[in-house]
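Working notes, beginning with the structure itself.
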Amino acid sequence: TLGQSTSQVGVQLAANLRRVGVSATMTYGGRSMKAQMRYANRIGAELALIVGERELADGAVQLRDLAASEQRRVALTDVVAELIAT
């Protein structure tokens with residue numbers, strides 16, 4: 001998450017993903033995006049969900065494939081279904 005108001009959305013997304021059996025974690029403490037991506041790589045994450053102020057305002061997240069270094073925008077309402085399908 002990036003920004004103060006996005007943390008709660010991140011916590012909710014992680015909880016929703018765990019509820020359907022998708023392993024999910026998030027960073028806390030206002031770390032920079034670079035630090036959060038390093039953490040994701042260190043723990044071997046395949047995907048990262050990026051929730052910033054702009055994405056939140058648009059009702060979307062960025063879904064980043066860490067191996068391919070590609071990302072795309074996904075509607076908040078479609079994130080869980082999208083990750084189950086992957």
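Determine whether segment 69-86 contains at least one residue that is over 14 Å from the mean Cα position of the chain (by Cα), hydrophobic (A, V, I, L, M, F, W, C), assigned to a loop (DSSP other than H, G, I, E, B) and on the phi < 0 side of the Ramachandran plot.
No - not one qualifying residue is present in segment 69-86.
Looking at GLY3 and the list (1) open to solvent by 20 Å² or more (accessible area, probe 1.4 Å); (2) out of contact with any Gly (no Cβ under 7 Å at 6 or more places or on another chain), which single condition is not satisfied?
GLY3 satisfies every listed condition except (2).
With respect to the numbered conditions (1) in contact (Cβ under 8 Å) with a residue 24 or more places away in the chain; (2) loosely packed, with under 10 Cβ neighbours inside 10 Å, which one is the sole condition not fulfilled by ARG42?
It fails just one condition, (1).
Every residue in segment 10-35 that is in contact (Cβ under 8 Å) with a residue 24 or more places away in the chain, surrounded by fewer than 17 Cβ atoms within 10 Å (Cβ to Cβ) and outside any loop (DSSP other than H, G, I, E, B), please.
Within segment 10-35, ASN16, MET33 meet the criteria.
Could you please let me know if ARG72 is surrounded by 13 or more Cβ atoms within 10 Å (Cβ to Cβ) and among the charged types (D, E, K, R)?
Working: surrounded by 13 or more Cβ atoms within 10 Å (Cβ to Cβ): no; among the charged types (D, E, K, R): yes.
Answer is no for this residue.
Determine the pairs where a residue that is within 21 Å of GLN12 (Cβ to Cβ), located within segment 68-86, has a partner that is among the basic types (Lys, Arg) and surrounded by 12 or more Cβ atoms within 10 Å (Cβ to Cβ) with Cβ atoms under 6 Å apart, the partner being 6 or more residues away or on another chain.
Taking only residues 6 or more apart or on different chains, the pairs are GLN71/ARG64.
Name, by its number, the condition in (1) under 19 Å from GLN8 (Cβ atoms); (2) open to solvent by 70 Å² or more (accessible area, probe 1.4 Å); (3) in contact with a strand residue (DSSP E or B) (Cβ under 8 Å, 6 or more places away or on another chain); (4) not aromatic (Phe, Trp, Tyr) that does not hold for GLU53.
For GLU53, the failing item is (3).
Using the structure shown, decide if ALA48 is without any contact (Cβ under 8 Å) to a residue 24 or more places away in the chain, part of a strand (DSSP E or B) and small (Gly, Ala, Ser).
Numbers: without any contact (Cβ under 8 Å) to a residue 24 or more places away in the chain: yes; part of a strand (DSSP E or B): yes; small (Gly, Ala, Ser): yes.
Criteria met by ALA48.
Would you pick out the residues in segment 56-69 that are over 21 Å from ASN41 (Cβ atoms) and open to solvent by less than 60 Å² (accessible area, probe 1.4 Å)? Full working, then the answer.
Filtering segment 56-69 for residues over 21 Å from ASN41 (Cβ atoms) gives 56-60.
Passing the criteria: LEU56, GLY59, ALA60.
The values are calculated or read from the model by the stated rules, or taken from the named source; none is laboratory data. On a predicted model such as this, the values are computed, not experimentally measured, just so you know. Note that each Cβ is placed from the backbone with ideal geometry, even for glycine, and that neighbours are counted across all protein chains shown. Surface areas here come from the heavy atoms of the whole protein model, side chains and all, with no ligands, DNA or RNA. Shrake-Rupley method; radii C 1.70, N 1.55, O 1.52, S 1.80 Å.
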